[in-house]
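Novice: There's a structure below that I have some questions on.
The values are calculated or read from the model by the stated rules, or taken from the named source; none is laboratory data. Fair warning: this is a prediction, and the values are worked out from it, not measured in the lab. Backbone-built Cβ (ideal geometry, glycine too); neighbour counts: all protein chains shown.
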Amino acid sequence: MRTESGQIFKLGDYRPTDFVVERIDLTFELDPAATKVVSRMILHRREGVAADAALVLDGDELTLDGLQLDGNDIDPAGYAVTPDSLTIRALPESGPFEITVSTTISPETNTTLMGLYRSSGVYCTQCEAEGFRRITYFYDRPDVLAVYTVTVIARKDDAKLLLSNGNFLGGGDYDEGRHFAAWFDPHPKPSYLFALVGGDLGMIEDSFTTMSGRDVALKIYVEHGKEARAAYAMDALKRSMKWDEEVYGREYDLDIFQIVAVSDFNMGAMENKGLNVFNDKYVLADPETATDADYANIEAIIAHEYFHNWTGNRITCRDWFQLCLKEGLTVYRDHTFSADQRSAPVKRIAEIRLLKAHQFPEDAGPLAHPVRPQKYREINNFYTATVYEKGSEVVRMIRTILGAEDFRKGMDLYFERHDGDASTIEDFLACFTDASGRDLTQFALWYSQAGTPLVTVSTDWNEAGKTFSVTLEQSLAPTPGQSRKALMHIPLAYGLILPDGREFEGQPHGGEAGNGVFHLTKRKQTFRFAGVPERPVLSINRGFSAPVNIAMEQSIADLAHIARHDSDGVARWQAINDHATRSLISAARLSRDDRKLPSVAELAEILIATAADESLEPAFRAQTLTLPSESDIAREIGGNIDPDAIHAAREAVMKEVAHAGLETFAALADSAPTGPYSPDAEDAGKRALAATAMAYASIAEGWPDRLKKAFDAADNMTMMAQALQLLVYQFASAEETREALESFRARFADNPLALDKWHTIQAMAPGAKSYDRVEHLLAGPDFDRTNPNRMRALVGAFSAGNPTGFNRADGAGYRLLAREVIAIDKRNPQLAARLLTALRSWQSLESGRQEHARLALVSIREAGALSADVSDIVDRMLP
Ligand code: ARG
Ligand code: ZN
């Protein structure tokens, strides 16, 4: 583990390496405790680099066994070595030379899950961002692209299967009890895309014929016995390959594409060239154990990693500051893929919900950073919602500004101009400018300024003159390290909806607008429409065209008008959601003062009418019926948060809606499709509607019978998990709930992914008592701290997904998190740092909780011997 060094990396300090690595030949002799790695590199000095410049390579916890130059041992005086660097002096001035580095590493004791490690007996690697340096000394940075040949040798009984990047060269017996396999990847790549897998795994196989007629073998490896559960992932892979050809003209470029699922993984998945490694949670699915949400995630992540082959692998990043170049763009690509495969408005609503739930709080708290950070201490802490999700929104805005056609031209130019490069955001933006003629200088601020802009909107209707004007004003609050902000280019899609529901088509004056988009580029701008027949209602930020907060005094009647007539489904949902948010905020205020809550009859009527409206997609109705979460309400309130008051308010609102619509909800609760399960969007939407309706119906009935029956009758995990969750949330102490939990646990005793759900459902049960339950589960026989999925399922779900439980007024929740973070940091710093970010909004709590949270953070800081990952987060969170 790297402990805190205090070193800060800065974007402005970029400098190319002194030496160029042309090729690297790696040989691994796999062994759990002592794997031998021999790396032979062909290098040359870059032109213009001084003759006395040394070659300085990165390492992390390495021991050097041997070092040669062109086959001869280098004299100890000619190099200097530490566990984290190797410096070689006196190298040839010109022409290529060969350096051979030998190291020995221990996969079985590597608990960081970075570099080469073992997961359930399988050797696997994770090299992004800086894991390759835990395997051998190398220029472990994304701008060093080399051609890799990899030979893996292992005992047959230790690793039957030997995989690496690229195409298979050959293999066979090696010596007594051992065999080998050799792989060659012709595409130059950075070290973070290196991968190796060794083990005994099951496999499913398929093939794909590319648009130019090349056959590609597709293989997905999973634990023996789980092969059938990889079928959906394979299907998603083939659809992704086809989609990238059709939508971007991008074809796959090796003879084989392989995916390996492992059970211990720090993130979702990894796009290693030709050999993706996945958290098995995002590969394995069958109706009995996976929910509709799991299926949708698998589809999205399989697509995401596949799309990286062009946006990430063929065009990579110059340095880690440019992470959003590959991640924001690839998230954008997987979002549009899912939108095309499913319902576009429903997908967009889910994206907006996620962005607001994860990215907006990040931008509003102590961990705020630009989409392209300007400095970092630990790059692993920048795989964030800002880099990924806001990064995707920025690409989406480019498309909104340029239009579909010029956006595609810009992408084509990007692929053409930068294929094989390690690029920057400047390179990327230049392609869109050159393809469209559009100046994106001001727009580029989206990459460098942190924080969520606020756009204040006011309208003015002049009845006599038949003019309507819209005034927009932007502001951006200071964020850490950025006290002054420049004015941004904010594209706001809009519509003017007339009383009869038609849209007013005229163009405004006073600022740049076109194709239904206002381009807000100044602090304050007024857009004037003339010849408007009657007072229109403004629909603004349609489709969430810009990731901003909107402040506008809009009457409930106007929101209802948008909800009824907007041609954009997302805007209709948004209007109802705004209405609900308003009711919930005022209920939370009253609840805090122990005052009686006013009726929300109007909101109830809209929700019930939407629930029953068969002209709307079921998935859309389910989204609309799902009230803003407790965290959503907290975020909108902004400060001095009392989670208990918010919870009470939301419960009361749900209850009133539930009673008012019991008949409708009870009928819909039974409307889930029967017959064989299909994970497609249509059936999933029907289940989502039934599940949401079930929540209301059981609240109104006040009795667990319906839920227990649904639980017992469920023939798929979606409905079963929903019924169990509602039992635990609504009837925590009922006998039915105890029985259901017990039967679930017994049924899935040997299915870790299903047991994760069992932990998560209990971790998220509202109320102060859930703390005791979490402590109990942590001490239980099913708990395994070494498995990141299980840690996230319990500690992560409790701290990031249970506002009332985690934020218990006595601070016990924070102390639990601090204790677990300190403990896990010793094994797996990345996981520890990630779990700790659950406290990122601690300063918006009321003062009592705030003080408990602060003390918990201080206790972590004072625990000592922290990893670079955790100390970076703690130091940024504590002022
Ligand atoms: N590039 C991967 C993805 O977006 C994420 C890997 C991040 N891993 C890490 N250890 N930081 O799919
Ligand atoms: Zn990615």
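Novice: Residues of the stretch 707-756 being among the polar types (S, T, N, Q) and closer than 18 Å to TYR696 by Cα, which ones?
Specialist: Hits for the stretch 707-756 are THR718, GLN722, GLN725, GLN730, THR737.
Novice: Still on this structure, please answer the following. Looking only at the stretch 250-271, filter to residues that are part of a strand (DSSP E or B) and either over 13 Å from ALA233 (Cβ atoms) or of a type in the set (Ser, Thr, Tyr) (or both); which one of those is farthest from ligand 1 (Cβ to nearest atom)?
Specialist: So the residue we want is ILE256.
Novice: Strands (runs of 3 or more DSSP E) wholly in the stretch 172-234 with at least 2 residues that are at pLDDT 95 or above and surrounded by fewer than 23 Cβ atoms within 10 Å (Cβ to Cβ) - which ones?
Specialist: By residue number, 178-189, 202-209, 215-222.
Novice: Further question on the same structure: Using beta carbons and a limit of 9 Å, which pairs, at least six apart or on different chains, have the first residue in the stretch 428-457 and at positive phi and the second one among the charged types (D, E, K, R) and assigned to a loop (DSSP other than H, G, I, E, B)?
Specialist: GLY451/LYS485
Novice: Please return the ranges of helices (runs of 4 or more DSSP H) entirely within the stretch 523-627 where 2 or more residues are closer than 29 Å to PRO361 by Cβ, modelled with pLDDT of 95 or more and charged (D, E, K, R).
Specialist: Correct list: 569-592.
Novice: To continue, here is another question. When you check ILE562 against the structure, is it crowded, with 17+ Cβ neighbours inside 10 Å and hydrophobic (A, V, I, L, M, F, W, C), yes or no?
Specialist: So ILE562 fits the description; yes.
Novice: Return the residues of the stretch 808-852 that are in contact with a Phe, Trp or Tyr (Cβ under 8 Å, 6 or more places away or on another chain) and within 20 Å of ARG773 (Cα to Cα); say none if nothing qualifies.
Specialist: If the condition is that a residue be in contact with a Phe, Trp or Tyr (Cβ under 8 Å, 6 or more places away or on another chain) and within 20 Å of ARG773 (Cα to Cα), then ARG808, ALA812, GLY813, TYR814, LEU816, LEU817, ALA838 are the ones that fit.
Novice: Tell me, please, whether a residue that is part of a strand (DSSP E or B), more than 16 Å from ligand 2 (Cβ to nearest atom) and either in contact with a Ser or Thr (Cβ under 6 Å, 6 or more places away or on another chain) or touching a residue at least 60 places away in the same chain (Cβ under 8 Å) (or both) can be found in the stretch 128-138.
Specialist: yes
Novice: If you take the residues of the stretch 478-501 that are surrounded by fewer than 16 Cβ atoms within 10 Å (Cβ to Cβ) and either basic (Lys, Arg) or within 30 Å of GLY531 (Cα to Cα) (or both), which of them is nearest to the chain's Cα centre (by Cα)?
Specialist: Taking the candidates together, the pick is ARG484.
Novice: Kindly indicate whether PRO480 is in contact (Cβ under 8 Å) with a residue 60 or more places away in the chain and under 30 Å from LEU625 (Cα atoms).
Specialist: So PRO480 does not fit the description; no.
Novice: For the condition buried (at least 17 other Cβ atoms within 10 Å of the Cβ), over 27 Å from the mean Cα position of the chain (by Cα), farther than 30 Å from ARG589 by Cβ and among the basic types (Lys, Arg), what is the one hit in ARG706, ARG687?
Specialist: Sole residue among the options that is buried (at least 17 other Cβ atoms within 10 Å of the Cβ), over 27 Å from the mean Cα position of the chain (by Cα), farther than 30 Å from ARG589 by Cβ and among the basic types (Lys, Arg): ARG706.
Novice: Same structure, new question: Does ILE633 satisfy the condition of being in contact with a helix residue (DSSP H, G or I) (Cβ under 8 Å, 6 or more places away or on another chain), buried (at least 24 other Cβ atoms within 10 Å of the Cβ) and in contact (Cβ under 8 Å) with a residue 40 or more places away in the chain?
Specialist: In short, yes.
Novice: Among the residues of the stretch 92-110, which ones are in contact with a helix residue (DSSP H, G or I) (Cβ under 9 Å, 6 or more places away or on another chain) and either in contact (Cβ under 8 Å) with a residue 40 or more places away in the chain or on the phi > 0 side of the Ramachandran plot (or both)?
Specialist: Passing the criteria: only ILE105.
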